[in-house]
There are 2 protein chains.
Amino acid sequence: MLQDFTDRHSDLPDCIDGLQTPCLLLDEGRLDANVARMRAHLDACNVAFRPHLKTAKSLDVTQRVLPHPSGPATVSTLKEAEIFAKAGVKDMIYAVGIAPAKLPRVLALRRAGIDLAILADCRVQAEAIAAASADGPPLPTLIEIDCDGHRSGLVPEDAAEIVAVGRILDAAGALRGVLTHAGGSYGDRTPDACAASAARERAGAVAAAEHLRGAGLPCPVVSVGSTPTAASGADFAGITEVRAGVFMFFDLVQAGIGVCTTDDIALSVLTSVIGHRRDKGWIIVDAGWMAMSRDLGTADQPVNQFYGLVCGPDGVPIPDLVMVAANQEHGILACRPGRPTALPDLPVGARLRILPNHACATAAQHDGYVVVRAGSDRIHGYWPRFGGW
Amino acid sequence: MLQDFTDRHSDLPDCIDGLQTPCLLLDEGRLDANVARMRAHLDACNVAFRPHLKTAKSLDVTQRVLPHPSGPATVSTLKEAEIFAKAGVKDMIYAVGIAPAKLPRVLALRRAGIDLAILADCRVQAEAIAAASADGPPLPTLIEIDCDGHRSGLVPEDAAEIVAVGRILDAAGALRGVLTHAGGSYGDRTPDACAASAARERAGAVAAAEHLRGAGLPCPVVSVGSTPTAASGADFAGITEVRAGVFMFFDLVQAGIGVCTTDDIALSVLTSVIGHRRDKGWIIVDAGWMAMSRDLGTADQPVNQFYGLVCGPDGVPIPDLVMVAANQEHGILACRPGRPTALPDLPVGARLRILPNHACATAAQHDGYVVVRAGSDRIHGYWPRFGGW
């Protein structure tokens, strides 16, 4: 009698009203529009596009996002590489500096015919890659460059070290190029600032490539990307490919940066009102941090969205109603501090949608996407996602 | 050839050294000791224990934590109730205020012989429960009481509303008692403050029960709990059961509150060094927020652990080395700001363990637990966990 309880999605309702809450909604129309817009922009810039699959971790989304079923693609874990490889993606970059203990998994994928490239930013990694390449075909490697001081990589000015790492890789036939990620662009607040980040990202990657070429080393790939810089960049001279991931769903952080509006955000968490604390000006819902994530990425933007911006069941934002606090399975909605908006009348059982700060983080809290379209309450399907490493 | 890649845990190594990173380690000895300590404490206090299963969401952990295979237990989602019911747990409280649209799932579990109780804190919910009880046996309901202003519930002083909700439930045969959760105790910083929170929690629940009894209504269950108050309370007079969840694993937030030490923390994330930024005093590891969660629960405690406290591969903390920042798959380790500790020499490939701020949040980022024991590098097993609603 209890057998069917845990396989709920085999029994998906026709309409949003029939869904249990909380659950993750994906607006298919917005996804398609976001992908078309980024593609058109990069096509106009005459640069190749290598989407990052870490945001969605879904075979269904991947089919809509990749330029071709075989790629090219970017991944953030070897598990993504392995799963997408099984689904036919053949050209991938694992865009996290390699831990030597992961090289056997990389080699296994390459032996299976997958062109998986990896990252290194130091001699220890380059030597481990060269050693692992010694017994067979080389492991194509990009040297990671740090264009804005936010994380890993060699700084573009460090020609000596870039060339030293490049020489070790080249001697093993493993040097494929350079890669940088303008993660600092997440701190930008205007399109102009994003455009400046894009120019800095391009300049850093091109400078690093020139260091290698100046030393007589090959550098066929010059890879850049982040959603703000990919969306804002106009000049990609010297760049061979652009990576971006969050653009496919967008989120409140990206809206705060200015590269989308809330109308472009394709993800939302459907939730139900479960109580009120009128003495405190609170509405309690059944989506807490387990459904939203603990990401507070808009906290240092001009408009703090706290745990997310509240929308009606149709996905239209309710001005200044935000999730101000979250427990594991409770969200507390209130008017944005300092804005004396009247709290809307939302009875127990009312349905709402919450727009997420960070699409990658919120999506990771869910097993899959209930696919919908703006302006309709019909459910178009359920797209599973995976996690893990 | 690619078939086995995604079922890695069928091929678990014998020793920690063979694990891919990041992954979640669970120290079985610490788990058992934490459970034994809480049981002994509550036994000595002569009060029943109803563990909260939301922290682990694992059948294996549940077997070690429950007083009896059939319960009693607390759950935070109906999916937990459904999965634990299939595994033989028969006595559960779903400790989140009920959304009326969830009542059919509650009824289905009860029809299957599961004694699942639910929560309500307003007349609308009570009326929906009464209506759902009209066609069959009643749905046992606890009135949620707010003992410290942190979330849902009726305040203990609101006798009129407590009795009004109680009368609606009682007329349907559905009134089982009162429940409160001293969530505010997470803001405590000393054992004395926790003991005061426990006293306030007890007083609020008992007062609410007395309001019901004074109105001639039954109140057989008076349920309280949170890890800090369960661990610190000494007087449970008038209380019929205590709930707690995070105590089984403990975490840095609980250590900051003072109800455990870092030596009691049973969970850690195993990670590998993947790079250095010596110019910035950073060590880069392959555990980012995807592995740790975005929980910064110690940020407003006297000792800010940022994204987690770093330990050697043996689980022994490295003084003042913390994860100061996190991207999706990158963690940045540095000395605690203001502490001029020398950065330890940790080469690329070195293994570390990171203690989490919040066990519930970090565990939720993983598909399961690699089971180990302090003082040994042997792996004892893999315990899967589930998510979703």
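Bear in mind these aren't lab numbers, they're just calculated from the coordinates by the rules spelled out. It should be emphasised that the depicted structure is a prediction, and the values quoted were computed from it without experimental measurement. Neighbour counts are summed over all protein chains in view; Cβ atoms, including those assigned to glycine, are modelled from backbone coordinates with ideal geometry.
How large is ³J(HN,Hα) for each residue in the range A:192-209, as worked out from phi by the Karplus curve 6.51 cos²θ - 1.76 cosθ + 1.60 (θ = phi - 60°), to whole Hz, x for Gly and Pro?
Going residue by residue, I get 5, 5, 5, 4, 5, 4, 5, 5, 5, 4, 4, 4, x, 5, 5, 4, 5, 4 Hz, with x marking Gly and Pro.
Give the average, rounded to an integer, of partner chain Cβ atoms located within 10 angstrom of each Cβ in A:287-299. Each step should come with its number before you reach the end.
Values: counts 1, 3, 7, 9, 2, 0, 7, 9, 3, 2, 1, 0, 0.
For this peptide, the per-residue mean of nearby foreign Cβ atoms is 3.
Using Cα-Cα distances under 8 Å and only pairs 6 or more residues apart, what relative contact order does the range B:150-265 have, in percent? Don't jump to the answer; show the numbers that get you there.
Numbers: 178 pairs, mean separation 32.2, N = 116.
Over the range B:150-265, the number comes to 28 percent.
Order A:42-52, A:262-272 from most to least packed using the mean count of other Cβ atoms within 10 Å. Walk me through the intermediate numbers first.
Numbers: A:42-52: 18.6, A:262-272: 23.3.
Highest-to-lowest ranking by the protection proxy: A:262-272, A:42-52.
Using alpha-carbon positions, what is the distance between the centroids of the range B:51-124 and the range A:135-151, in Å?
Measuring centre to centre over Cα atoms gives 49 Å.
Rounded to whole Hz and in sequence order, give me ³J(HN,Hα) for the range B:76-93 from the Karplus expression 6.51 cos²θ - 1.76 cosθ + 1.60, θ = phi - 60°, writing x for Gly and Pro.
10, 9, 6, 4, 4, 4, 5, 6, 5, 4, 4, 8, x, 7, 10, 10, 9, 10
How high is the relative contact order of chain B, in percent, with contacts defined as C-alpha pairs under 8 Å that are six or more residues apart? Walk me through the intermediate numbers first.
On the way: 873 pairs, mean separation 74.6, N = 389.
Relative CO of chain B lands at 19 percent.
Taking 0.36 nm per residue of separation and subtracting the Cα-Cα distance, what length does fully extending residue B:48 through residue B:199 add? Show your work: numbers first, answer last.
Values: separation 151, 0.36 × 151 = 54.36 nm, distance 1.70 nm.
Answer, rounded to one decimal: 52.7 nm.
Provide the net charge surrounding residue B:253, with neighbours chosen by a C-beta distance below 15 Å and charges set as Lys +1, Arg +1, Asp -1, Glu -1.
Numbers: positive: A:294, B:189, B:294; negative: B:188, B:251, B:264, B:295, B:300.
Cβ neighbours under 15 Å give a net charge of -2.
Given A:86/B:86; A:280/B:102; A:54/B:280, which pairs have Cα atoms separated by over 31 Å?
With Cα atoms farther than 31 Å apart: A:86/B:86.
So for the pair residue A:87, residue B:39, with labels modelled 7 Å out along Cα→Cβ, what separation do we get in nm?
4.4
Once the label point is placed 7 Å from Cα along Cβ, list for residue A:15 the distances to the corresponding points in the other copies, in nm, shortest first.
6.2
What's the FRET efficiency of residue A:215 with residue B:316 using the Cβ-Cβ distance as r and R₀ = 41 Å, to the nearest 0.05? Could the numbers behind the result be given before it?
Numbers: r = 44 Å, r/R0 = 1.07.
The calculated FRET efficiency here is 0.40.
Taking 0.36 nm per residue of sequence separation and subtracting the Cα-Cα distance, how much length would be gained by fully extending the chain between residue A:160 and residue A:373, in nm to one decimal?
On the way: separation 213, 0.36 × 213 = 76.68 nm, distance 5.27 nm.
Roughly 71.4 nm would be gained on extension.
Using a label position 7 Å from Cα in the Cα→Cβ direction, what is the ascending list of nm distances from residue A:196 to the same site in the other copies?
Result, one decimal in nm: 4.9.
Mind ordering A:136-149, A:26-39 by average Cβ neighbours within 10 Å, highest first? Kindly include the intermediate steps, with their values, before the conclusion.
On the way: A:136-149: 22.1, A:26-39: 18.8.
Going from most to least packed, we get A:136-149, A:26-39.
With an 8 Å Cα cut-off and a minimum separation of 6 or more residues, compute the relative contact order for the range A:45-249 in percent. Mind dumping the intermediate values first?
Working: 427 pairs, mean separation 40.5, N = 205.
20 percent.
Which one, A:317, A:380, A:355, is farthest towards the positive end of the dipole of the range A:299-389 when Lys and Arg carry +1 and Asp and Glu -1 on their Cβ?
The one lying farthest along the dipole's positive direction is A:380.
Note the distances from residue A:339 to each other copy's matching label point, with points 7 Å along the Cα-to-beta-carbon direction, in nm, sorted shortest first.
Once sorted, the set of distances for residue A:339 reads 4.0 nm.
Mind ordering B:215-222, B:73-80 by average Cβ neighbours within 10 Å, highest first? Walk me through the intermediate numbers first.
Values: B:215-222: 17.5, B:73-80: 24.2.
Ranked by mean Cβ neighbours within 10 Å, highest first: B:73-80, B:215-222.
Could you run the Karplus curve 6.51 cos²θ - 1.76 cosθ + 1.60 with θ = phi - 60° over the range B:29-36 and give me ³J(HN,Hα) per residue in whole Hz, x for Gly and Pro?
Each residue of the range B:29-36 in turn: x, 5, 4, 4, 5, 5, 5, 4 Hz.
Using a Gaussian network for chain A with springs between C-alpha atoms less than 10 Å apart, which of these wobbles most: A:107, A:24, A:179?
Result for chain A, Cα springs under 10 Å: A:107 fluctuates most.
In whole angstrom, note down how far apart the Cα centers of the range A:286-358 and the range A:193-258 are.
33
Mind giving me the FRET efficiency for residue B:111 and residue A:190? R0 is 60 Å, r the Cβ-Cβ distance, nearest 0.05 is fine. Could the numbers behind the result be given before it?
Values: r = 58 Å, r/R0 = 0.97.
Between residue B:111 and residue A:190 the formula returns 0.55.
What is the range B:16-143 by shape, rounded, prolate or oblate, if you read a ≥ b ≥ c off the alpha carbon gyration tensor as root eigenvalues and call it rounded for a/c under 1.5, prolate for a/b larger than b/c, and oblate otherwise?
On the way: a/c = 2.48, a/b = 1.78, b/c = 1.39.
Since a/c reaches 1.5 and a/b is larger than b/c, the shape of the range B:16-143 is classed as prolate.
Can you name the residue in chain A whose Cβ lies closest to the A-to-B rotation axis, and give that gap in whole Å?
Value returned for chain A: A:294, 2.
Taking 2.2 N^0.38 Å as the expected size of a compact globular protein, what ratio does the Cα radius of gyration of chain B give against it, to two decimals? Mind showing how you got there, number by number?
Numbers: Rg = 22.4 Å, N = 389, 2.2 N^0.38 = 21.2 Å.
Here the Cα radius of gyration is 1.06 times the empirical estimate.
Top mean-square fluctuation among A:324, A:242, A:310, Gaussian network model of chain A, C-alpha springs under 10 Å?
A:324
Based solely on C-alpha atoms, express the radius of gyration and the Dmax of the protein assembly as shown in angstrom.
26.5, 91
So, in nm, how far is label residue A:12 from label residue A:279 when the simple model puts each one 7 Å beyond its Cα toward the Cβ?
Result: 4.4 nm between the two label points.
Amide H to amide H under 5 Å from residue A:350: which residues, 5+ apart in sequence or cross-chain, H placed 1.01 Å off N in plane?
Those lying under 5 Å, H to H, from residue A:350 are A:273.
Check residue B:141: other-chain or 5+ apart residues with amide H under 5 Å from its amide H, H built from backbone geometry?
B:118, B:175, B:176, B:177
Counting only other chains, what is the mean number of Cβ atoms within 10 angstrom of the Cβ of each residue in peptide B:103-110?
Details: counts 0, 1, 3, 0, 0, 4, 3, 0.
For peptide B:103-110, the averaged partner shielding equals 1.
Given axes a ≥ b ≥ c from the Cα gyration tensor, I'd like to know whether the range A:45-249 is rounded (a/c under 1.5), prolate (a/b larger than b/c) or oblate. Before the final figure, lay out each step's value.
On the way: a/c = 1.87, a/b = 1.09, b/c = 1.73.
Taking the square roots of the gyration eigenvalues as a ≥ b ≥ c, the range A:45-249 is oblate.
Could you pull out every residue, at least 5 positions away or on a different chain, whose amide H is within less than 5 Å of the one on residue A:243? Hs are placed 1.01 Å off N in the peptide plane, and Pro or chain starts have none.
Under 5 Å from the amide H of residue A:243 lie the amide H atoms of A:50, A:224, A:225, A:226, each far enough along the sequence or on another chain.
Could you work out, residue by residue across B:161-174, how many beta carbons of other chains sit within 10 Å of that residue's beta carbon, and then give the average as an integer?
Numbers: counts 0, 0, 0, 0, 0, 0, 0, 0, 0, 0, 0, 0, 0, 0.
The mean count of partner-chain Cβ atoms within 10 Å per residue comes to 0.
Let a ≥ b ≥ c be the square roots of the eigenvalues of the Cα gyration tensor of the range B:74-186; is it rounded (a/c under 1.5), or, if not, prolate (a/b larger than b/c) or oblate?
Details: a/c = 2.28, a/b = 1.25, b/c = 1.83.
Note, shape of the range B:74-186 comes out oblate.
222 nm [θ] for chain B, helices only, -39500 (n - 2.57) per DSSP H run of 4+, per residue, to 500?
Details: 11 runs with 111 residues, N = 389.
Mean residue ellipticity at 222 nm (helix-derived): -8500 deg cm²/dmol.
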